[in-house]
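Structure first, then comments.
The values are calculated or read from the model by the stated rules, or taken from the named source; none is laboratory data. Predicted model, so just to flag it, every value in this text is computed and none were measured. All Cβ positions, glycine included, derive from the backbone under ideal geometry; neighbour counts span all protein chains shown.
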């Protein structure tokens, strides 16, 4: 199984929904799966496992929704028993394998009555009229903007299906997005160019961020001064609160009397791990939440992939590599400048700046995985003799860890 989250965004480049992109087999090893075999076991809705692992609270937030793909078999699955998320937050994404026939139409009516939202994609233009019984119940339609003119789509859907929201997919560049946005008509957009919704600029690092960078520099020294780290933590209320919560979860009747006391109770190893994670969350605080999600998920996913890539001894370095892979965005600096401000090993620096060294293959694999580039991911797994199920378990583990960070 392979699955990842793809953000969908609005005309302000704000992420307001996610789509779960999934593939159940390595097509390079099982080419027959591209045919009818892809429906074997399809009654288990893949995307729901992702939602369960991450939790809607951390995955999307109160105002976001998640698109989950269905086909002509999984549409009849007991969706409610597979996922206890609120029905109104799940958008069931159908394709043209679900025909406008009585058994499918009745099932879709049933799902609609249960409070699920509905979407459809990969529907050829010439099938629009034929699919009227389904489109009349549909909330979203995903359109390949290369194959349909938005001017025509606005007129057609405005007259025939005024309640359907149009979503543009396969948006290849910022320029394409801006042209589509300025033309109006689309409610959501999806495109490979958009995975990090911010641009670099030349702003100076804010005063509070200087404290965070100093803290990162201290704890990433081989033998750091725990008391000095505690003193810097004490300068920031959010970090102090987070630290105390962390310690109180680990101990009973701890009687903590100072920040230094709390830091000492954690010890160097746990304090370093907590600081790298907590400080990253704070560095991302003035950025879109997508940056926080990407940074933390990359970190944990990279760590989980360490034994799979035969790099167990470098799991800590892989965690930091993933964490700092968007450091340029956190600090509004080019990556070379950003890494000069934070003490990281040469291995991490080589991977992030030059795509070289032992860590680089893991970074490249994660980037392909994020983009749901399943053919390339499959190729890399074959070359590295990597088991697909191990990768999927590593990703689910990263999602669960991320969920727990925000449900403390």
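Quick notes
- Of all residues in region 309-332, exactly one satisfies the criterion of being in a loop (DSSP other than H, G, I, E, B) and either touching a strand residue (DSSP E or B) at 6+ places or on another chain (Cβ under 6 Å) or under 18 Å from residue 292 (Cβ atoms) (or both), namely 332.
- Those helices (runs of 4 or more DSSP H) of region 1-102 in which 2 or more residues are at pLDDT below 85 and within 30 Å of residue 185 (Cβ to Cβ) occupy 46-54, 56-59.
- Taking the listed residues 408, 340, the one that is surrounded by fewer than 16 Cβ atoms within 10 Å (Cβ to Cβ), at pLDDT below 90 and in a helix (DSSP H, G or I) is 340, with no other qualifying.
- Test: residue in region 378-398 that is free of Cβ contacts under 8 Å to residues at least 60 places away in the same chain, part of a loop (DSSP other than H, G, I, E, B) and in contact with a helix residue (DSSP H, G or I) (Cβ under 7 Å, 6 or more places away or on another chain): no
- Filter result for residue 305 (surrounded by 22 or more Cβ atoms within 10 Å (Cβ to Cβ), over 25 Å from the mean Cα position of the chain (by Cα) and modelled with pLDDT of 85 or more): no
- Of the listed requirements (1) closer than 22 Å to residue 8 by Cα; (2) modelled with pLDDT of 95 or more, residue 177 misses just one: (2).
- Within region 199-225, considering residues that are surrounded by 15 or more Cβ atoms within 10 Å (Cβ to Cβ) and assigned to a loop (DSSP other than H, G, I, E, B), the one modelled with the highest pLDDT: 224
- Of all the residues in region 149-165, those that are under 16 Å from residue 190 (Cβ atoms) and either modelled with pLDDT under 90 or touching a helix residue (DSSP H, G or I) at 6+ places or on another chain (Cβ under 6 Å) (or both) number 1.
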